[in-house]
Amino acid sequence: MKLYNYFRSSASFRVRIALELKGLGYEYLPVHLVKGEHRQEPYTAVSASQLVPALQTDEGELLSQSMAIIEYLDETHPEPALLPRDALGRARVRALAQLVACEIHPLNNLRVLKYLTRELKVDEAAKNAWYRHWVRDGLEKFEQELARLPAGTYCWGETPTLADCCLVPQIFNGKRFDVDFSGLPRTMAAFEACMRHPAFQKAQPSSCPDNEG
């Protein structure tokens, strides 16, 4: 498999975690978002949406969108499972994952931050305040959802799931912008448990070949 990604992309980070959790080898192909490589050939021939990540399967098929890629990996390589076996459990985990991927992340995507500064002329301090507000707001809701679930080492139970694949990159990005993580005990406990897991360590940005520090 080939993974087109950017070391700082949280969506790419999610997929790297899933690949490491499943012990799947892949070729790392960097696409530099800040330099605009995602909008240029040859990547536009790979991704119609011009977004990362993109996964080329062993059969040569191209897949986009991190959540779809991770579920494809889970279906084609079922062990270890990233979603619970029961329908209710799968719905709970997907809800947690989507709270990050659909509610928090889109408001703070690089495209959005660039639009705020370039087109709307928002200054750096205001842009960072925007970022911190929406990440903190989303994580507070994430914590409230976790509080309704049975306690476990990770977001759901005793093994990492799709929810953890989404949470960890969001926390990483939040740390870059000095987001306040206080008062989020279940959320941060899950994050710390993940960071003790070898798969999460191998997948983090500092381990990527295109890491810039």
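Read-outs: derived from the displayed coordinates by stated rules, not from any lab. Worth saying up front: this structure is predicted, and the values here are computed from it rather than measured. FYI the Cβ positions are ideal-geometry reconstructions off the backbone, even for glycines, and counts take in every protein chain you see.
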Checklist entry - Given q = 0.08 Å⁻¹, what are the Debye log10 I(q)/I(0) values for the chain, with equal point scatterers placed on the Cα positions and solvent ignored? => result -0.27
Next on the checklist: Can you tell me, using C-alpha contacts under 8 Å and at least 6 residues apart, the relative contact order of the chain as a whole percent?
Outcome noted: 26 percent
Item to check | Mean Cβ neighbour count within 10 Å, used as a protection proxy, ranking 32-43, 118-129 highest first | outcome: 32-43, 118-129
Checklist entry - Using mean Cβ contacts within 10 Å as the protection proxy, how do 175-188, 48-61 order, highest first? => result 48-61, 175-188
Item to check | Ranked packing of 18-31, 151-164, most packed first, by mean Cβ within 10 Å | outcome: 151-164, 18-31
Checklist entry - Which FRET efficiency, nearest 0.05, do D210 and A147 yield, Cβ-Cβ r, R0 45 Å? => result 0.75
Next on the checklist: Checking a compactness column here: for region 152-204, what do you get for Rg(Cα) / (2.2 N^0.38 Å), N being the number of residues?
Outcome noted: 1.07
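So what's region 92-213 giving for Cα Rg divided by 2.2 N^0.38 Å, two decimals?
It is 1.10.
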Item to check | Rg/Rh ratio calculated on Cα atoms of region 54-162 (Kirkwood radius) | outcome: 1.07
Checklist entry - Count of lysine pairs in the chain with Cα atoms under 24 Å apart, counting only pairs 8 or more residues apart in sequence or on different chains? => result 14
Checklist entry - For region 59-100, with equal point scatterers placed on the C-alpha atoms only and solvent neglected, what are the log10 I(q)/I(0) values from the Debye formula at q = 0.24, 0.27, 0.33 1/Å, to two decimals? => result -0.90, -1.04, -1.20
Checklist entry - Put a dot 7 Å past each Cα toward the Cβ at E124 and D137; how far apart are the dots in nm? => result 2.5 nm
Next on the checklist: Antiparallel versus total DSSP beta bridges in the chain: what percent is that, nearest 5?
Outcome noted: 60 percent
Checklist outcome for this item: At 10 °C and 1.306 mPa s, the Stokes-Einstein diffusion coefficient in µm²/s for region 79-131, with hydrodynamic radius from the Kirkwood sum on alpha carbon pairs, is 120 µm²/s
Checklist entry - To one decimal place, what orientation-averaged projected area in nm² is obtained for the convex hull of the Cα set of region 38-115? => result 6.4 nm²
Item to check | Distance in nm between pseudo-label sites at Q201 and M1 (7 Å out along the Cβ direction from Cα) | outcome: 2.2 nm
